[in-house]
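Student: Take a look at the following structure, please.
The values are calculated or read from the model by the stated rules, or taken from the named source; none is laboratory data. It should be emphasised that the depicted structure is a prediction, and the values quoted were computed from it without experimental measurement. Cβ coordinates were reconstructed from backbone atoms using ideal geometry, including for glycine residues, and neighbour counts include every protein chain displayed. Keep in mind that these areas ignore ligands, DNA and RNA; they rest on the heavy atoms of the full protein, side chains included. Shrake-Rupley method; radii C 1.70, N 1.55, O 1.52, S 1.80 Å.
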Amino acid sequence: MAFQPVSNSLNRPQTASTSLFGSADEFCVGILGDLHIDPRVMEDYETGRSQWLNILDEAKTNVGEEQVSVVSLGDLGESKSVRPDETSELFAGTTECHELAADFLGGFGVPYDVVGGNHDLEGIDEFDTDEANLELFLRAHNKDGPQFMRQIAEKTLLVGMTSTIFREAKYTSHEVTIDQEQIDWFENVVETHPADEGWKIFVFTHAPPNGSGLRVLQENHVVNGCCWLNHSNEVQCRKFIELVREHRSIKAWFSGHFHLGQDYQDSITFPTIDPKLGPYPNRGSCVFAQTSVMRSGTSRDGRQQSRLLRGNKDGFEICTVDHQTGGTIRLDATITYRDNDNEVGVYAHSDMEKVEDKYFKVYSPSAGDSLHPPDENYIAYDEELIMEEAVTMDTKAWWKMACGRVIGMLNGNMIEYDKSTLAPLGLIVGADELVGKRVCIIDSGLDEMCAVDDVEIGMEGADCGEAEAREQAVILVDDNDGSIVVVQPNEDGSYWRKIVRNKMIRMKEVRREKAAKRLAAAIKKDDEKDDADVVSSWGPYTTTKGTAKNTGVSGLTAPAAK
């Protein structure tokens with residue numbers, strides 16, 4: 001059966017033995033999500049690979065071996081000890097992990113490419129630096145560098161980039177960070193392979209870029225700032241979607257990271273939609289697709305699925321390989337090229353949710369366009385915004401700050417959204433602190449702002465020197481007890497809280513707390529309880545004063561304020 005982009009002939013489940021391929025100009029790529037290989041439980045991997053072998057062998061027969069390959073989206077090893085009785089060493093990122101993963105990926109009978117995820121440099125007991133761990137990753141998988149480029153068919157490229165920072169992560173180690181050298185390389189690739197010369201580029205990274213429109217996410221990735229590529233770097237985070245918008249040779253972008261299935265339409269987004277359905281999404285010519293996992297123990301919604309990409313000069317199809325049903329193939333979306341710069345995407349099925357599904361389908365604001373107003377949750381205001389009702393878990397609202405930042409509410413949380421793509425960036429105020437309070441946005445006023453305490457002699461008025469034209473304050477009002485909370489922005493002007501440090505720092509902090517407990521056990525008196533109350537102090541900002549004299553946290557390391 002030849003590939004027919006506009007046909008419904010493939011819109012049904014198919015077994016791995018069905019004839020799927022036809023003309024020689026087609027290509028076929030097997031795409032594997034987060035493997036998290038655990039050598040103690042290899043059954044799902046062996047089963048999944050055997051299913052893939054049937055598909056790939058038939059593809060090689062029909063389109064030729066050079067036009068068939070496999071791409072792994074990273075996170076290759078289990079992020080815990082696989083021999084807990086012997087060692088606490090994490091398996092992910094170790095030499096043993098990458099050698100086992102290379103052996104597994106090398107057994108598909110076709111060439112494979114791999115990109116590194118946020119766990120692939122986690123060999124922290126074996127390697128002292130990210131550089132040393134990355135060198136092992138490259139050597140084990142026979143890679144010349146962290147990125148890859150493969151020409152899979154005529155003027156058709158597979159391109160991938162690897163996360164290269166773990167120990168040196170500024171915030172959470174689970175942020176997927178593409179280094180600047182790879183970003184520059186990628187920009188050169190898309191600039192030198194333009195759409196008007198007929199090039200088509202398919203991109204692979206562990207996490208998706210900001211602006212992809214994917215909404216089947218894990219809440220922990222959203223609130224902890226590790227959802228998107230280079231999430232915590234505002235400029236780099238937005239760079240990827242800017243390149244997508246500028247270079248229409250980028251036809252599709254595949255990612256994993258969330259461990260969620262492919263049964264939802266929001267796991268695939270199209271570059272354009274019917275204007276009757278909503279505003280133009282501004283995603284260039286690129287389709288974004290999320291990829292599930294192979295092993296049951298790593299799935300967050302019970303699915304065990306991989307992606308199948310197959311295409312030719314007329315377009316491509318994105319399919320699901322279902323590892324729970326013998327490797328059956330389901331068509332998910334068909335994309336037909338109209339010309340080098342335009343294409344039409346069609347979903348093959350509606351959402352296939354299960355009653356027990358518990359994923360975080362994040363609300364993304366819509367700013368509208370020339371044909372559509374902003375969505376109904378947008379709050380427009382002139383001078384100030386005073387919400388009349390207290391926030392509940394069901395409150396949906398969003399607004400723009402005078403500085404251009406975008407803030408909204410979802411599931412009882414206050415969230416910052418990217419001002420360009422309106423993708424969620426991170427948590428500002430959690431539901432535990434926000435629910436039951438009213439939100440107010442008011443001008444903070446230059447006169448009041450300049451009236452700071454404890455002005456250093458000779459520096460009077462300096463605090464007003466860098467004032468913006470219009471400064472605002474985000475206020476939380478509790479009508480029950482009359483308390484007022486000012487939500488201060490970060491030093492860079494953003495609001496979402498970068499509150500998770502990288503794993504290396506957190507491990508050292510835990511070791512210090514354990515040392516404190518050992519000390520407490522050694523010096524405790526006979527009448528004292530066995531487990532001492534040990535708390536940590538990190539020294540956060542606790543005052544607007546210009547002179548710091550106290551470091552205690554009220555109610556934690558110092559008596560509660562009365």
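Student: Given the criteria open to solvent by less than 40 Å² (accessible area, probe 1.4 Å), small (Gly, Ala, Ser) and out of contact with any strand residue (DSSP E or B) (no Cβ under 9 Å at 6 or more places or on another chain), does Gly107 qualify? Before you say what the answer is, go through the steps one by one.
Tutor: Details: open to solvent by less than 40 Å² (accessible area, probe 1.4 Å): yes; small (Gly, Ala, Ser): yes; out of contact with any strand residue (DSSP E or B) (no Cβ under 9 Å at 6 or more places or on another chain): yes.
So Gly107 passes the test.
Student: Which one is least open to solvent (accessible area, probe 1.4 Å) among residues in the stretch 111-130 that are of a type in the set (Val, Ile, Thr) and in contact (Cβ under 8 Å) with a residue 60 or more places away in the chain?
Tutor: Of the residues in the stretch 111-130, the ones of a type in the set (Val, Ile, Thr) are 114-115, 124, 129.
Among the residues that remain, those that are also in contact (Cβ under 8 Å) with a residue 60 or more places away in the chain are: 115, 124.
Values: Val115: 0, Ile124: 22 Å².
Only one residue tops the list, namely Val115.
Student: Any residue that is of a type outside the set (Ser, Thr, Tyr), within 17 Å of Pro146 (Cα to Cα), in contact with a Gly (Cβ under 9 Å, 6 or more places away or on another chain) and surrounded by fewer than 21 Cβ atoms within 10 Å (Cβ to Cβ) - is there at least one of those in the stretch 227-247?
Tutor: No, that holds for no residue.
Student: Let me ask something else. Of the residues Glu416, Glu448, Glu433, which single one is out of contact with any strand residue (DSSP E or B) (no Cβ under 6 Å at 6 or more places or on another chain), outside any loop (DSSP other than H, G, I, E, B) and at pLDDT 90 or above? Let's see the steps before the verdict.
Tutor: Values: Glu416 fails: out of contact with any strand residue (DSSP E or B) (no Cβ under 6 Å at 6 or more places or on another chain); Glu448 fails: at pLDDT 90 or above.
Only one candidate qualifies: Glu433.
Student: Can you tell which of Pro5, Pro39 is at pLDDT 95 or above and within 32 Å of the chain's Cα centre (by Cα)? Even if it seems obvious, please write down each step before you answer.
Tutor: On the way: Pro5 fails: at pLDDT 95 or above.
Exactly one residue qualifies, and that residue is Pro39.
Student: Can you tell me how many residues within the stretch 131-179 are of a type in the set (D, E, K, R), surrounded by fewer than 22 Cβ atoms within 10 Å (Cβ to Cβ) and more than 22 Å from Ile201 (Cα to Cα)? Talk me through it step by step, then tell me what you get.
Tutor: Let us first name the residues in the stretch 131-179 that are of a type in the set (D, E, K, R), namely 131, 135, 139, 143-144, 150, 154-155, 167-168, 170, 175, 179.
Cutting the leftovers down to surrounded by fewer than 22 Cβ atoms within 10 Å (Cβ to Cβ) gives us 131, 135, 139, 143-144, 150, 154-155, 167-168, 170, 179.
Those left that are additionally more than 22 Å from Ile201 (Cα to Cα): 131, 135, 139, 167-168, 170.
Matching residues across the stretch 131-179 total 6.
Student: Would you check if there is a residue in the stretch 266-284 being more than 13 Å from the chain's Cα centre (by Cα), open to solvent by 10 Å² or more (accessible area, probe 1.4 Å) and either modelled with pLDDT of 95 or more or among the aromatic types (Phe, Trp, Tyr) (or both)?
Tutor: Scanning the stretch 266-284 turns up at least one residue that is more than 13 Å from the chain's Cα centre (by Cα), open to solvent by 10 Å² or more (accessible area, probe 1.4 Å) and either modelled with pLDDT of 95 or more or among the aromatic types (Phe, Trp, Tyr) (or both).
Student: Now for a separate question. Could you check Arg497 against (1) basic (Lys, Arg); (2) at pLDDT below 75; (3) surrounded by 12 or more Cβ atoms within 10 Å (Cβ to Cβ) and say which number it fails?
Tutor: (2)
Student: Select, from Asp25, Asp57, the only residue that is more than 25 Å from the chain's Cα centre (by Cα) and modelled with pLDDT of 95 or more. So that I can check it myself, show each step before the final result.
Tutor: Numbers: Asp25 fails: modelled with pLDDT of 95 or more.
So the residue among Asp25, Asp57 that is more than 25 Å from the chain's Cα centre (by Cα) and modelled with pLDDT of 95 or more is Asp57.
Student: Which of the residues that make up the stretch 238-259 are among the basic types (Lys, Arg) and more than 17 Å from Glu191 (Cα to Cα)?
Tutor: Initially, the stretch 238-259 is screened for residues among the basic types (Lys, Arg), giving 238-239, 245, 248, 251.
Result: Arg238, single match.
Student: Of (1) more than 19 Å from His257 (Cβ to Cβ); (2) open to solvent by less than 10 Å² (accessible area, probe 1.4 Å), Leu100 satisfies all except one. Which?
Tutor: Failing condition for Leu100: (2).
Student: Looking only at the stretch 289-328, which residues are part of a strand (DSSP E or B), hydroxyl-bearing (Ser, Thr, Tyr) and open to solvent by 10 Å² or more (accessible area, probe 1.4 Å)?
Tutor: The first filter runs over the stretch 289-328 and keeps only residues part of a strand (DSSP E or B), leaving 289-290, 305-312, 315-322, 328.
Then keep just the ones that are hydroxyl-bearing (Ser, Thr, Tyr); that gives 306, 320, 328.
Scanning the stretch 289-328 gives a single hit, Thr328.
Student: Considering only the stretch 89-127, state which residues are among the hydroxyl-bearing types (Ser, Thr, Tyr) and either within 28 Å of Glu65 (Cα to Cα) or in a loop (DSSP other than H, G, I, E, B) (or both). Explain how you work it out, then say what you get.
Tutor: As a first pass, look at the stretch 89-127 and keep what is among the hydroxyl-bearing types (Ser, Thr, Tyr): 94-95, 112.
Scanning the stretch 89-127 gives Thr94, Tyr112.
Student: Would you point out the residue of the stretch 381-410, among those that are open to solvent by 60 Å² or more (accessible area, probe 1.4 Å) and touching a residue at least 40 places away in the same chain (Cβ under 8 Å), that is nearest to the chain's Cα centre (by Cα)?
Tutor: Let us first name the residues in the stretch 381-410 that are open to solvent by 60 Å² or more (accessible area, probe 1.4 Å), namely 382-384, 386, 388-389, 392-394, 396, 400, 403.
Add one more test, that the residue is touching a residue at least 40 places away in the same chain (Cβ under 8 Å), and what stays is 383-384, 386, 388-389, 392-393, 403.
Working: Glu383: 35, Glu384: 33, Ile386: 33, Glu388: 34, Glu389: 33, Thr392: 27, Met393: 24, Cys403: 26 Å.
Looking at the filtered set, the residue picked out is Met393.
Student: Report yes if some residue within the stretch 481-489 is part of a helix (DSSP H, G or I) and either acidic (Asp, Glu) or touching an Asp or Glu at 6+ places or on another chain (Cβ under 9 Å) (or both); otherwise report no. Break it down into steps so the answer makes sense when it comes.
Tutor: So in the stretch 481-489, the residues part of a helix (DSSP H, G or I) come out as none.
No, the stretch 481-489 has no match at all.
Student: Here are Tyr359, Tyr363: which of them is at pLDDT below 95, open to solvent by less than 70 Å² (accessible area, probe 1.4 Å), farther than 24 Å from Val474 by Cβ and in contact with a strand residue (DSSP E or B) (Cβ under 8 Å, 6 or more places away or on another chain)? It would help to see each step written out before you state the result.
Tutor: Working: Tyr363 fails: farther than 24 Å from Val474 by Cβ.
Tyr359 is the lone residue from the list that is at pLDDT below 95, open to solvent by less than 70 Å² (accessible area, probe 1.4 Å), farther than 24 Å from Val474 by Cβ and in contact with a strand residue (DSSP E or B) (Cβ under 8 Å, 6 or more places away or on another chain).
Student: Among the residues of the stretch 267-276, is there at least one that is among the small types (Gly, Ala, Ser) and in contact with a Leu (Cβ under 9 Å, 6 or more places away or on another chain)? Let's see the steps before the verdict.
Tutor: Filtering the stretch 267-276 for residues among the small types (Gly, Ala, Ser) gives 267.
Filter once more, so that each one left must be in contact with a Leu (Cβ under 9 Å, 6 or more places away or on another chain): 267.
Scanning the stretch 267-276, I find at least one residue that is among the small types (Gly, Ala, Ser) and in contact with a Leu (Cβ under 9 Å, 6 or more places away or on another chain), so the answer is yes.
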